[in-house]
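So the structure is just underneath, and the comments pick up after that.
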Amino acid sequence: MLNVKEVSQRYPGSKQYALQDITLTVGSGEFVFLVGQSGAGKSTLLRLLFREYLPSSGLITYRGRNLARFNGRELLNYRRKIGMVFQDFRLLKQKTVFENVAFALEVVGHSPQAVRKAVPEALAQVGLLDRRHAFPAELSGGEQQRVGIARAMVRKPQLILADEPTGNVDPDTALQLMELFAAINKTGTTIVIATHASDMVDRLRQRVVQLERGRVVRDDKRGGYVGEL
Amino acid sequence: MNFNSLRYSLRQGIVSLRRNTILALVTTTMVAISLGVLGGFMLLSANVRHVVRTIESNVEIAVFAAMDADVTALYSQLSTLQSVREVILVPRDEGLRELGLALGDAELFQVFTPQNNPLPDVFRVRVRAAAEVSSAAEAIRGMPGVDTVDYGEEIVAQLLAITRWASSLFVATSALLGFGAIFLVIAIIRLSVMARQEEIGVMKYLGASNGFIRLPFFLEGTVMGLLGALLASLVLWLLYDALSASVQNMALPLLLTPVTGIALLGPIFGGILILGTAVGAFGSLLAIRRYLHDH
C-alpha cells in the first residue's frame, strides 16, 4: 500500500537530518507501531506519509503512485483516504462531540442525511454515543481521544495515521484506545501509530518499526518494545 | 465542491458574521465611509462635468461688426456657415438700450444719439454643437466687416481646468480610499481567520479543499463589502437628494442645476455597489491566501 524508499528529510535551516535513508513498506490491512525516542523522526515520517510536506530526497508511493507527483485534486483524494489522530486530540472546542465527528464528513461534502447516519455509528463504535451532545471540555482525555478516533474513522478510511494517540491519557485508558485501534484494524483499515507506550506495543504484538536518530534500526513483524525509550 | 459543501460554507459564513458582529459592523461602517467619500467625489465630478457641458452648449459667439461693415452682407455670410444654428442681430441702438437696462439707468444713455452711439452692431451667433464653437469663431474672425469675436473662451478654459483638476484629485482619492477599504477588509478577515486558525488546520487534516476553506471567508468579506456599499449608497443618496433639492430651491441660473437623472446617477451608485462587493471579496481572498499554502 505504502512504499517508502530511501527517504531523507532535513528541515530548512537545520544541518541535521530528521530522517535518513528510510526504506519500508506498509501493506494493506497492516498494524504498524513506529517507536523511538523523542526526536527519532516518528512524527516526521507520519507527516511525510500524509504528504503534509515532501521529503528532501527519496520516494514515497501509495499503491504505486508517487506522492510527490500528485496534483491538487489527487492530493485531496489521497488525504481523504486517511484518518489522522493526534496526541492533543485537535477537537474543536465550540463544537459538540457529534459536530466534531460530523465535521470530517461535512468538509468533504457529505449530505446531512449521510452525516446523521454515519456519525452515530462511529460514536457507538468508540462507546460515546450517549455523550454526543457534550463539548470537548466536558470530556476526560480518554473520551476526547475516542472522539478523535471516531472522527478519523467515520469516513471509513483506508489508512489511519496516529501520532502519540495515548500520550495524554493514563495507562488503562491507553490500553483501551489501543484495543479500539486493533478493532478498527480488524475491519481492514491499515493503521500506523507513532508511540512511546511500550506496554501497549508489547501487549499487542504487532509489527514494530523502531527509529533512532532518523534511521530505522529494527523492523520486527511481531515485535515488542526493545531498548530504553 | 458540491451543493452540500456550498450549504455548509454559507452556514459557516453566517455563523462567523454573527459570532463577530461588532467586528463585522466596524468593517461594514469603515467600508461604507470609504465608499461614501468616494461616491461623494464621483457625484461632485459628475456635477462639474454637467455644468461644463451646460455652459459649453449655451455658449454664444458675440460678433462685433466694424463701424463701416455691411451688416446685411455679414448677416447672410454668418447664416451660411454650416455649424451655425442661429444668428440674431442686435443693432447698435438696440444694444445701447440693452446696456442701459442692464446697468439700471436707461436715462443716462439718452444722451447718445444714433450719430454718437459708440456701440457697434452685434450678432449673437449660436452653433449646433458645443465642440464647434472655437472653429466657428475662427471662421467668423476671418470674415470681412468683423471687428471682434468673443465667446467667453476664458470661462470655458477655466472650467475645463477645474474639471481636469477635480478628475485628478478624484482618481488619486479614489485609489487611496479603495486601497484603504481593501486593507481594512483584509485586516478584519485576517482576525477572523486567526480566530479560526485551529479549525482551518483541522479542516486541512480532514482533507477539506482550499476552495471549501476559503468560501466562508469569501462570503463573509463579500457580505461586509456589499452591506458597506449599500449603507454608503443610502446615506449618499439621502444627502445628495437633500442637497440637490436645496440647490434647486435657490433658483440658481439654469446651468447650475445639479445632476439628477438616473442615467447619470445610476452608474455612480451601481459602481459603488459593485466596488464595495469586489473590495470585500478581493480583500477576503487576500486575507486567507497565506493560510492555504500547501507544502
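The values are calculated or read from the model by the stated rules, or taken from the named source; none is laboratory data. As the structure is a prediction and not an experimental result, all values here were calculated from the model. Glycine also receives a Cβ, built like all others from the backbone with ideal geometry; neighbour counts cover every protein chain displayed. With ligands, DNA and RNA removed, areas are computed over all heavy atoms of the protein, side chains included. Shrake-Rupley method; radii C 1.70, N 1.55, O 1.52, S 1.80 Å.
Candidates in region A:107-119 are the residues that are open to solvent by less than 40 Å² (accessible area, probe 1.4 Å) and of a type outside the set (G, A, S); of these, the one that is farthest from the other protein chains (Cβ to nearest Cβ) is A:V119. Looking only at residues that are small (G, A, S) and out of contact with any helix residue (DSSP H, G or I) (no Cβ under 6 Å at 6 or more places or on another chain) in region A:183-224, which one is nearest to A:Y17 (Cα to Cα)? Here the answer is A:G214.
Looking at A:G142, A:G127, which one is touching a residue at least 12 places away in the same chain (Cβ under 8 Å), away from chain B (no Cβ under 14 Å) and open to solvent by 20 Å² or more (accessible area, probe 1.4 Å)? I'd like the intermediate steps shown before the answer.
Working: A:G142 fails: open to solvent by 20 Å² or more (accessible area, probe 1.4 Å).
Matching residue, one of A:G142, A:G127: A:G127.
Checking each residue in region A:10-58 for being in a loop (DSSP other than H, G, I, E, B) and among the aliphatic types (A, V, I, L, M) picks out A:A18, A:A40, A:L54. Comparison of B:V90, B:V84, B:V37 shows that the only residue that is of a type in the set (V, I, T) and assigned by TED's automatic domain parsing to the domain that holds B:A281 is B:V37. Selection within region B:258-295: residues that are open to solvent by 30 Å² or more (accessible area, probe 1.4 Å) and within 14 Å of chain A (Cβ to nearest Cβ). The member of this set that is farthest from A:E52 (Cα to Cα) is B:H293. The residues in region A:76-90 that are in contact with a Phe, Trp or Tyr (Cβ under 9 Å, 6 or more places away or on another chain), closer than 15 Å to A:R146 by Cα and either more than 8 Å from every other protein chain (Cβ to nearest Cβ) or part of a loop (DSSP other than H, G, I, E, B) (or both) can be counted, and the count is 3. Looking at the structure I just gave you, is A:R73 more than 10 Å from chain B (Cβ to nearest Cβ), open to solvent by 10 Å² or more (accessible area, probe 1.4 Å) and more than 19 Å from the chain's Cα centre (by Cα)? So A:R73 does not fit the description; no. Here A:D202 meets each of (1) in contact with a Lys or Arg (Cβ under 6 Å, 6 or more places away or on another chain); (2) open to solvent by 10 Å² or more (accessible area, probe 1.4 Å); (3) free of Cβ contacts under 8 Å to residues at least 60 places away in the same chain with one exception, condition (1). Take the conditions at pLDDT 90 or above, under 14 Å from A:P157 (Cα atoms) and more than 10 Å from chain B (Cβ to nearest Cβ) and apply them to A:V97. Does it pass? No.
Taking the criterion of being open to solvent by 10 Å² or more (accessible area, probe 1.4 Å), in a helix (DSSP H, G or I) and within 14 Å of chain A (Cβ to nearest Cβ), the residues of region B:204-233 that qualify are B:K204, B:Y205, B:N210, B:G211, B:R214, B:L215. Based on this model, can you work out whether A:R155 counts as within 13 Å of another protein chain (Cβ to nearest Cβ) and over 29 Å from A:V32 (Cβ atoms)? When the stated conditions are applied, A:R155 does not pass them.
The sole residue among A:A183, A:A150, A:A162 that is part of a strand (DSSP E or B) and small (G, A, S) is A:A162. Of the helices (runs of 4 or more DSSP H) that lie entirely inside region B:1-90, those containing 3 or more residues that are open to solvent by 20 Å² or more (accessible area, probe 1.4 Å) and either under 21 Å from B:G276 (Cβ atoms) or among the basic types (K, R) (or both) span B:3-19, B:21-57. With the structure loaded, tell me whether B:E94 is more than 37 Å from the chain's Cα centre (by Cα) and either over 15 Å from B:A136 (Cβ atoms) or in contact (Cβ under 8 Å) with a residue 60 or more places away in the chain (or both) or whether it fails that test. Spelling it out, B:E94 is indeed more than 37 Å from the chain's Cα centre (by Cα) and either over 15 Å from B:A136 (Cβ atoms) or in contact (Cβ under 8 Å) with a residue 60 or more places away in the chain (or both).
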